[in-house]
Each structure stands twice: as C-alpha cells, then as structure tokens.
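Let me begin by presenting the structure, written as structure tokens, before commenting on it.
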Amino acid sequence: MTQNDPEVRIPNRLKDITAFIVMDVLEKAHEMERRGVNVIHLEVGEPDFDTPQCVKEAVCKALQDGHTHYTHSLGMIELREAVAEHYADRYGVSVDPGQVVITSGTSPAMFTLCSVLLERGDQIIVSDPHYACYPNFVRFVEGELVYVRVLEEDGFQYRTEAIREKLTDKTQAVLINSPSNPTGNLLSEDRMKAIAELGPYVVSDEIYHGLVYEGKEHSILEFTDHAFVLNGFSKAFAMTGLRLGYMIAPKPFMRTIQKIQQNFFISPNSAVQMGGIAALREGGEDVKTMRRIYDERRRFMIRRLKEMGLGITVEPTGAFYVFANMKHVSLDSYKLAFDILEKAHVGVTPGIDFGDGGEGYIRFSYANSMENIAEGLDRLQTYLS
Ligand SMILES: Cc1ncc(COP(=O)(O)O)c(C=O)c1O
C-alpha cells in the first residue's frame, strides 16, 4: 500500500495537515549532496554551533549517575525551579515552579497547549506569516485558525486593531512569537501590552529569546498572567537534538496538563533535564558568544542581500533569519526556492511555508558559518544576475 492508496482511511482531522516545506527542501538538498553536489544550507532553522560543554558534561554525568529512569510527569522539580528563577532574573516576573511543565521540546509543549486550551471549533488568532507548524497543531485538535496579516512595511508586527476586528465569542487565544520565525522581528513592548489587554489568553512562543541583537525581548508574563509561555532549549542553547522545552501555564490548567503528560508522554528525558539545569545556570556565557557571532552574520547577510536588491524594509533584530522580499524575481516562492537550490546549489526556505502572507518572500537562515554564508550569497548573486 502506498501513502496515497485510496484504501487507506486517513482521519478527517489529519487531512489538512500540511508538509513542512523546509524539510522538503532539505531532503532534496541531501539527495543532491549524495550525488556529490556541494550545497550551502541557508534553509535550516537549526543552530550550527555545538551544544555548550557544560550541557554535554551535565548530561553525561547524569547518565553515569543513573538518571535513566522516568521522572515526575511535569519534569524534575530542580529544572522547573531553574525555569522559574530564569524568568524572575531575566524579566522580573514571579513564576511558581508549579506552573511549569517540562516537555521534550517546544513542539510537544505546543501539542499539550492546544489540547488543553482548544475545544473543537474554538478559535486561535495566528499571524500570517507564522511559524510553519503552528496551524497543524491547531488542526489536530480541530480548533479553528484565524489569521491576521502582518505586513512588511509594519515590520511584520501585529496591528492590535486588526486582531480586535477578528475577535469573536469563540476566540480562545492570540498566538505571538517574538522574535519571530520567519521574520526575525521583535514585537514592540507597546503592542505586546495592547495584545495582553484584548481579553483572550495570549500564547507566547519565546523560543528565540536570548537571540536578540538590538533592543530587548519581553516575556508576555511582564504584561499579563492570562497567558501561556512556550519556550525551549533548541535555539539559544543549541540543543535541538536533545529535545527539551517547557510551558508556563496558569495554575488552574496544571492538573489537566499533568494528566496529558502522564498519559501521552509519561515524562521528559531524565538525563537531558539535567542538561537543561546546566544550560540555565551555567550556559549564559556560551549564549553570549553565540549571540555575538550570529549578530556579525546577521549584519553581513542583511548588507549583502540589500546590495543584491532584495527587499528588507525593517531589518530583523532577533532569531537567526532574514525574510527577504523577492517578489520582483518571482511570485512563486516554492518554485523559486527549488530553482535556487537546483541552479545555485543554495538551500533557502520559500515564504509560502509560513502562510499566504509569506508568498513572494524567501527566508534565509544565518545559522551557518560566515564562510558558508558568504559563499551561499555569492552563488545567489550569480544566480540573480
Ligand atoms: C517559532 C518556533 N517555535 C517552536 C519551534 C520548535 O522547537 P523545538 O525544537 O523546541 O520543538 C521552532 C523550531 O524551529 C520554532 O521556530
């Protein structure tokens, strides 16, 4: 039987689950590499840095010390305390460790969040463009997606009025992600505050916190407790493969969250949680070093892309992405991305991966060495000319 065999019954709620296009680009790039083609990867949203030594040592020690069994379903209390301390130190907010659930990455936290927050037909407001996977979590629990366009000329920031116009009695939450994937822009303090005052829960994906090069990131908890924070160790701590994340939720949801964890996940990975404690308590200098290097690459990439005539109206100041307007080259970003891959041997992500609002854009990641970025951009320049 093939995947498309008409005999196979796919549950309705999965019918609209879309592919993660960047993975299609990556898989195609790998296929080319197997044929001996040298591909420069500017598509992947994964740090190229090694995981900090303090984390690796803590995980190895944890294994040696026998941390190889289930932990509490909400995660080790020491890590939940470290998360609460981190939010107190960095943002001056008070988080009870009892509001923290540790997960195997931010993605499972998003799954748990949608399960606990959305009844079938409940609405969640999501920006367009947005991180590619968000809609699929919502579809999986049969929630309803309500998109609000964020515009390049507005720094891809939400207009509070545009959100207000979309509020209905079914709106459960507004999802924000600052710094944002794919745009690399930060939501201003004023707009976060205004969104917090709209009424529905705010779900704040803070996974790119720590990777901010100008200005300062804010946690939604500085403005409201009527919120859920999603965060993880993949990006700032370069721990993608260790799969560690967390959610901070209002207390009344915690018992249900605990039941979800107990049934569906049992517990997060025990030894890796020890790595998470080390990251939060000892990893600050490593993050600082990575941030400095990302910033050099960011400036370089923005300069080069602008010189090539790509549209960057508001320079990105966070995460590790530049979302460039390429409408003058093509209005079909999917085709364009594969054409760039095939002809220039540079992997890039088509803006359409991030929603209709991303069409005509290409996302460039600077999570690669300066040398590779320079080579990739040289190839792109030749392609464009
Ligand atoms: C905005 C955003 N949220 C969540 C994730 C998922 O991260 P994790 O590795 O913690 O599951 C990503 C990964 O690219 C992301 O860009």
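The values are calculated or read from the model by the stated rules, or taken from the named source; none is laboratory data. Quick caveat: nothing in here was measured; it's all calculated off a predicted structure. As a convention, Cβ positions derive from the backbone with ideal geometry for all residues, glycine included, and neighbour counts pool all protein chains shown. Only protein heavy atoms, including side chains, enter the accessible area calculation; ligands, DNA and RNA are left aside. Shrake-Rupley method; radii C 1.70, N 1.55, O 1.52, S 1.80 Å.
General observations
- Arg297 passes every criterion in (1) farther than 19 Å from Asp378 by Cα; (2) open to solvent by less than 40 Å² (accessible area, probe 1.4 Å); (3) charged (D, E, K, R) apart from (1).
- Residue in segment 249-264 that is touching a Phe, Trp or Tyr at 6+ places or on another chain (Cβ under 6 Å), touching a residue at least 12 places away in the same chain (Cβ under 8 Å) and surrounded by 21 or more Cβ atoms within 10 Å (Cβ to Cβ) present: yes
- Pairing each residue of segment 168-185 that is among the basic types (Lys, Arg) with any residue that is part of a strand (DSSP E or B), provided the two are 6+ apart or on different chains, yields C-beta distances under 8 Å for Lys170/Gln123; Lys170/Glu144.
- Unmet criterion (only one of (1) touching a helix residue (DSSP H, G or I) at 6+ places or on another chain (Cβ under 7 Å); (2) away from the ligand (no atom under 16 Å from the Cβ); (3) under 20 Å from His226 (Cα atoms); (4) of a type outside the set (S, T, N, Q)) for His69: (3)
- Selected residue (criterion: surrounded by the fewest Cβ atoms within 10 Å (Cβ to Cβ)) from residues of segment 338-366 that are among the small types (Gly, Ala, Ser) and farther than 18 Å from Gly309 by Cβ: Gly357
- One residue from Ala58, Ala88 being small (Gly, Ala, Ser) and closer than 30 Å to Phe253 by Cα: Ala88
- Top-ranked residue of segment 143-159 - restricted to ones that are closer than 23 Å to Ile207 by Cβ and not in a loop (DSSP other than H, G, I, E, B), ranked as most open to solvent (accessible area, probe 1.4 Å): Arg149
- Residue within segment 212-222 that is open to solvent by 20 Å² or more (accessible area, probe 1.4 Å), within 15 Å of the ligand (Cβ to nearest atom) and under 20 Å from the mean Cα position of the chain (by Cα) present: no
- Pairs where the first residue, in segment 133-155, is free of Cβ contacts under 8 Å to residues at least 24 places away in the same chain and the second is in a helix (DSSP H, G or I) and away from the ligand (no atom under 16 Å from the Cβ), C-beta under 8 Å, 6+ apart: Leu145/Arg139; Val148/Ala162; Val148/Ile163; Val148/Lys166
- The single condition among (1) touching a residue at least 40 places away in the same chain (Cβ under 8 Å); (2) over 16 Å from Thr349 (Cα atoms); (3) polar (S, T, N, Q) that Thr18 does not meet is (2).
- Pairing residues of segment 106-124 that are closer than 21 Å to Ala236 by Cβ with residues that are open to solvent by less than 20 Å² (accessible area, probe 1.4 Å) and away from the ligand (no atom under 16 Å from the Cβ), at Cβ distances under 8 Å and at least 6 apart in sequence or on separate chains, gives Leu113/Ala249.
- Entirely in segment 1-120, the helices (runs of 4 or more DSSP H) that have 3 or more residues that are surrounded by 11 or more Cβ atoms within 10 Å (Cβ to Cβ): 21-34, 53-64, 77-91, 106-117
- For segment 300-322, the set of residues classified as open to solvent by less than 10 Å² (accessible area, probe 1.4 Å) and among the aromatic types (Phe, Trp, Tyr) consists of Phe320, Tyr321, listed by residue number.
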